[in-house]
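The values are calculated or read from the model by the stated rules, or taken from the named source; none is laboratory data. Note that the structure is predicted; figures quoted are calculated from it, not measured. Here the Cβ positions follow ideal geometry from the backbone for every residue, glycine too, while neighbour counts run over all protein chains shown.
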């Protein structure tokens, strides 16, 4: 523990004391929020309560509980790393929340934050008309999308989760076991569709790497701690998107649908393919750059993406 912090925290005795102190230090520091919280209070609350193995919704009277010296030392060490090293809280506490579920997270996977969670929570209302019998989570990372879909669609017969990173699949497997969904979700190691059996899915959901070379150098330090393989695509950030658009039809049912996040690259995608009817989805709770597109629309433009079909 830094000497500066030792002197400052001597008079901190309760959870409320250290919470106030942490919020003040976060406000003074040049840290970036965006991995599950968007302000100093929520970030401090998440870090401190989780470190004490307490739920985030504890009664307010428990905030006056005293903490031990060992607990205080541990919390201050995490706060120091959050401020000095810009390590996101999710990596410090090895936890993140998505669609109301808790997930184990470490530096092998991206921290869940995609606006696709709103679509899952709404059971893809106005996007699909029937409950899907089969779902593919492409570029699954921690497995949060596949697992959340398994909760929302318990009658779905097939849920496959694919990633190119064997390290990511280890984390996904841990989460699947934690949620007791081993019989519901199958993990597949593959570079997008390359090593996959040709199963037909009613829905393919994907949040692939799409950050381009220019943008990755402009990201806050917190993002650069995440695995580059999960963020960085190529010079323009769209190569993986082209491959997904080209190869998805082989893996979709005739009434199937692809849902894909491209972030800020939505502008570049629209410019490149103005003739294609991407359905850009709107979000009540923030977020953009997610489209849906039908199997029929993809087939209509299959020649457009012929260069990107995997052999």
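The sole residue among 288, 265 that is in a helix (DSSP H, G or I), under 21 Å from the mean Cα position of the chain (by Cα) and within 30 Å of residue 30 (Cβ to Cβ) is 265. Once the range 199-223 is narrowed to residues that are in a helix (DSSP H, G or I) and within 15 Å of the chain's Cα centre (by Cα), the residue that is nearest to residue 266 (Cα to Cα) is 223. Might you let me know whether the range 50-61 holds any residue that is buried (at least 19 other Cβ atoms within 10 Å of the Cβ), in contact with a strand residue (DSSP E or B) (Cβ under 9 Å, 6 or more places away or on another chain) and more than 22 Å from residue 15 (Cα to Cα)? Looking through the range 50-61, none of the residues is buried (at least 19 other Cβ atoms within 10 Å of the Cβ), in contact with a strand residue (DSSP E or B) (Cβ under 9 Å, 6 or more places away or on another chain) and more than 22 Å from residue 15 (Cα to Cα).
When you scan the range 1-81 for helices (runs of 4 or more DSSP H) that lie fully inside it, which ones turn up with 2 or more residues that are farther than 25 Å from residue 100 by Cα?
On the way: elements: 3-9, 15-28, 40-51.
Correct list: 3-9, 15-28.
I need the full set of residues from the range 40-77 which are within 12 Å of residue 89 (Cα to Cα) and either free of Cβ contacts under 8 Å to residues at least 12 places away in the same chain or not assigned by TED's automatic domain parsing to the domain that holds residue 10 (or both), in order please. Within the range 40-77, just 42 meets the criteria.
Residues that are closer than 27 Å to residue 300 by Cβ and at pLDDT 95 or above do occur in the range 208-220.
Could you tell me which residue of the range 104-120 is nearest to residue 263 (Cα to Cα), considering only residues that are crowded, with 19+ Cβ neighbours inside 10 Å and within 8 Å of the chain's Cα centre (by Cα)?
Pass one, the range 104-120, residues crowded, with 19+ Cβ neighbours inside 10 Å: 105, 108-112, 114-117, 119-120.
In the following step, the residues that additionally are within 8 Å of the chain's Cα centre (by Cα) were identified as 110-112, 114.
Details: 110: 15, 111: 15, 112: 14, 114: 9 Å.
Of everything passing the filter in the range 104-120, 114 is nearest to residue 263 (Cα to Cα).
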